[in-house]
Amino acid sequence: MTAVQTPEEQLIDLDAPPSGLAAALADAWTEARRHLMVIPRNPELLVFSTIQPVMFVLLFNYVFGGSIQIPGFDSYEQYLMPGIFAQTVVFGSSFTAVGIAEDLSRGLIDRLRSLPIAQSAVLVGRTLSDLVRNAFTFVVMLVVAYLVGFRFEGSLLEALGATALLLFFSYSFSWIQAFIGLSIGSVEAAQSAGFIWMFPLTFVSSAFISTDTLPGWLQAFADVNPFTVLTNAARALYNGNDPGNELWLAIAWATGITVVFATLSIRKFARATG
């Protein structure tokens with residue numbers, strides 16, 4: 001005999017969030033679409049996110065490029081552009097910290113928590129939407145790279161692998177930014193805290209020059225810098241060279257960062273909005 005639910009029990013069932021991985025992914029994609037739908041109404045966000053990397057291309061290629069010679073590369077563009085690609089997608093992850101801090105300050109996340117959705121979907125959706133935005137910025141930078149003379153020297157499969165690696169790394173950094181956004185009290189502070197630490201990470205690396213030219217103590221840091229590992233692996237694949245262990249180290253770095261900071265961010269989210 002089937003038990004008849006009381007109105008209170010029926011209400012609890014209606015308000016209970018759907019369970020299961022498929023439901024959580026569906027909620028995350030719905031949240032990601034919410035963020036992506038804002039972009040057509042605010043195209044300036046994409047415009048200004050692409051101006052900075054274009055400026056770096058012009059600055060390093062045309063101002064410093066003539067005085068920089070990299071052994072093993074016929075042109076500086078073939079060395080420079082993979083580093084610019086890596087810098088672009090990593091810098092693009094800073095939107096995650098700002099967006100989360102803004103949603104917290106406006107009380108939007110508290111309203112989302114009242115909905116019957118998987119709680120992890122709020123953060124996963126934000127990081128996924130920023131991954132899509134980063135992919136669009138990467139396409140723009142690819143066009144700029146071809147205009148300044150960069151070419152894929154490797155196979156199409158190697159180029160796709162390098163691109164996937166760059167986007168995977170940007171997604172892992174979005175989780176670092178999510179943790180920063182949840183930890184900082186204001187949008188302005190999140191913008192500074194989410195961006196300033198990436199400057200030494202990207203410039204003290206092999207993105208623009210060979211690390212052999214750095215002082216010994218600085219070279220030691222640059223060689224183990226995960227951004228250097230990422231740039232070297234992507235550069236080798238784009239130029240048709242064997243990335244060696246750099247590829248697996250880059251994948252390990254991206255996977256480890258994602259697991260650690262996704263866990264920290266989700267726990268921080270539960271405490272910050274509970």
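On the basis of being of a type outside the set (Phe, Trp, Tyr) and under 20 Å from the mean Cα position of the chain (by Cα), does Ser206 make the cut? It is true that Ser206 is of a type outside the set (Phe, Trp, Tyr) and under 20 Å from the mean Cα position of the chain (by Cα). Among all residues of segment 113-120, there is none that is in a helix (DSSP H, G or I) and hydrophobic (A, V, I, L, M, F, W, C).
Would you list the helices (runs of 4 or more DSSP H) that sit entirely within segment 173-231 and hold 2 or more residues that are closer than 23 Å to Val57 by Cβ?
Numbers: elements: 187-193, 198-203, 216-224.
So the answer is 198-203.
Residues checked against (1) more than 27 Å from Ile84 (Cβ to Cβ); (2) in contact with a His (Cβ under 9 Å, 6 or more places away or on another chain); (3) among the aromatic types (Phe, Trp, Tyr); (4) not in a helix (DSSP H, G or I):
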{"position": "Ala236", "(1), (2), (3), (4)": "no, no, no, no"}
{"position": "Pro243", "(1), (2), (3), (4)": "no, no, no, yes"}
{"position": "Glu246", "(1), (2), (3), (4)": "no, no, no, no"}
{"position": "Leu249", "(1), (2), (3), (4)": "no, no, no, no"}
{"position": "Ala254", "(1), (2), (3), (4)": "no, no, no, no"}
{"position": "Ile257", "(1), (2), (3), (4)": "no, no, no, no"}
{"position": "Thr263", "(1), (2), (3), (4)": "yes, no, no, no"}
{"position": "Ile266", "(1), (2), (3), (4)": "yes, no, no, no"}
{"position": "Phe269", "(1), (2), (3), (4)": "yes, no, yes, no"}
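How many residues does segment 177-217 contain that are of a type in the set (Phe, Trp, Tyr), closer than 23 Å to Phe73 by Cβ and out of contact with any helix residue (DSSP H, G or I) (no Cβ under 7 Å at 6 or more places or on another chain)?
1
Please count how many residues of segment 131-162 are at negative phi and in contact (Cβ under 8 Å) with a residue 60 or more places away in the chain. Matching residues across segment 131-162 total 19. Residues in segment 117-129 that are surrounded by 19 or more Cβ atoms within 10 Å (Cβ to Cβ) and either of a type in the set (Gly, Ala, Ser) or farther than 17 Å from Ile266 by Cα (or both): Ala118, Ala121, Gly125, Ser129. None of Leu160, Leu165 is among the hydrophobic types (A, V, I, L, M, F, W, C), surrounded by 19 or more Cβ atoms within 10 Å (Cβ to Cβ) and assigned to a helix (DSSP H, G or I) except Leu165.
All of the numbers you see were taken from the coordinates with simple rules; none came from a lab. Small disclaimer: the values here were computed from a predicted structure and weren't measured. Using ideal geometry, Cβ is built from the backbone for each residue, glycine included, and neighbour counts are taken over all protein chains shown.
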